[in-house]
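Have a look at the structure below, then the notes.
The values are calculated or read from the model by the stated rules, or taken from the named source; none is laboratory data. These numbers were taken from a predicted model, which means no experiment stands behind them. Positions of Cβ are backbone-derived with ideal geometry, glycine not excepted, and every protein chain shown enters the neighbour counts.
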Amino acid sequence: MRNLAKSSIVAGAIGAVAALLFSGTAQAATTVSSGHVDVLALAYDDTANKLDLNVKLYATGQIVEPADVIFDVHSAHQVTQANATACRWDAGTNWVLPRLETTGKIWAGWNTEGLNRADFGGSVTVDLLSYTAPTGGQVSVYDAATGVTRLHTDPACDDGTIAVSESHHHPTWVFTEPGTYTLTFQLTGTHVTDGAVTSDPVTYTFDVG
C-alpha cells in the first residue's frame, strides 16, 4: 500500500478540496509552527469498534482532525549536519522537530490517552500507507536516546510502521528537503474482545522550508 501512485493521492486531495468548496463547508486550516503538539493522538471508540487518529494541540487543549492542520516546519528548525547518517538525515541542511521542547519550534509527539493499551495487548500500530515529498525528500522519526528508527519513508530503511506502546512520547522528526510533505496513516490494533480494528486513513501535511 505504500506504493500508491503519488498522482492518485494528489488527485484525491484536489477532489476533496473542490467538494468542500462547492458545498460551502471548507474552513481555514490551523497552522502549527511551534509549541507542544501530539501529531498522532490515538483513540478508540468502543461503541463503534473503531480506532481514530487525531491531533492534540496543547496550546488550546483541542483535539482536531489532521485534515484541519498544517504543520509549518519553518527555518528555525534547520539543522546543518556535516555528514549523512543512513536512514536518519542527509549531509547539509535538514529540518528537525526536536526531541526536547524548544522555544519557537514544534515539539511533536504522540499519545495513547484516548484508548486503554492493555485492551490491545500493550500496543497499537500506526501504518504509513503512502506519502508525497519534494524531490529527494525523506522523513525519518527516531528515538535519539536509543538510536531506534521508529519510522522512515524509504522502504529500505523501515517497514513503514510505528508500534506505539507509550502513553506519551516525543521522538525526533527529520525532513531532508524543503517543500510540502503529506503522510497518510492508518491506525490498527487487535482488541481483546472486539478483535481486529482500524481507523480511517488520514493525511497529515507538513510545509517545510
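Quick look at the values:
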{"quantity": "Selected residue (criterion: surrounded by the fewest Cβ atoms within 10 Å (Cβ to Cβ)) from residues of the range 174-207 that are within 14 Å of the chain's Cα centre (by Cα) and aliphatic (A, V, I, L, M)", "calculated": "VAL202"}
{"quantity": "Tabulated pairs, the range 159-170, first free of Cβ contacts under 8 Å to residues at least 60 places away in the same chain, second surrounded by 13 or more Cβ atoms within 10 Å (Cβ to Cβ) and in a loop (DSSP other than H, G, I, E, B), C-beta under 7 angstrom, 6+ apart or interchain", "calculated": "ALA163/SER123; SER165/SER123"}
{"quantity": "Where TRP110 falls short, out of the listed (1) more than 26 Å from ILE63 (Cβ to Cβ); (2) crowded, with 18+ Cβ neighbours inside 10 Å", "calculated": "(1)"}
{"quantity": "Where a residue in the range 185-209 is closer than 22 Å to VAL32 by Cα and of a type in the set (Val, Ile, Thr) and its partner, wherever it lies, is at pLDDT 95 or above and part of a loop (DSSP other than H, G, I, E, B), with Cβ under 6 Å and at least six apart", "calculated": "VAL208/PRO178"}
{"quantity": "Subset tally (residues that are within 23 Å of THR203 (Cα to Cα) and either touching a Ser or Thr at 6+ places or on another chain (Cβ under 9 Å) or polar (S, T, N, Q) (or both)) for the range 109-142", "calculated": "23"}
{"quantity": "Matching residues, the range 38-52, being in a strand (DSSP E or B), touching a residue at least 40 places away in the same chain (Cβ under 8 Å) and charged (D, E, K, R)", "calculated": "ASP38, LYS50, ASP52"}
{"quantity": "Residues within the range 54-69 that are part of a strand (DSSP E or B) and buried (at least 16 other Cβ atoms within 10 Å of the Cβ), tallied", "calculated": "6"}
{"quantity": "Odd one out for SER140 among (1) buried (at least 21 other Cβ atoms within 10 Å of the Cβ); (2) more than 23 Å from ALA86 (Cα to Cα)", "calculated": "(2)"}
{"quantity": "Tabulated pairs, the range 85-106, first without any contact (Cβ under 8 Å) to a residue 12 or more places away in the chain, second surrounded by fewer than 18 Cβ atoms within 10 Å (Cβ to Cβ) and not basic (Lys, Arg), C-beta under 6 angstrom, 6+ apart or interchain", "calculated": "ALA91/GLN81; ALA91/ASN83; ALA91/ALA84"}
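Quick grid of which residues meet (1) out of contact with any Ser or Thr (no Cβ under 8 Å at 6 or more places or on another chain); (2) of a type in the set (Ser, Thr, Tyr):
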{"residue": "HIS170", "(1), (2)": "yes, no"}
{"residue": "VAL174", "(1), (2)": "no, no"}
{"residue": "THR180", "(1), (2)": "no, yes"}
{"residue": "THR203", "(1), (2)": "no, yes"}
{"residue": "ASP207", "(1), (2)": "no, no"}
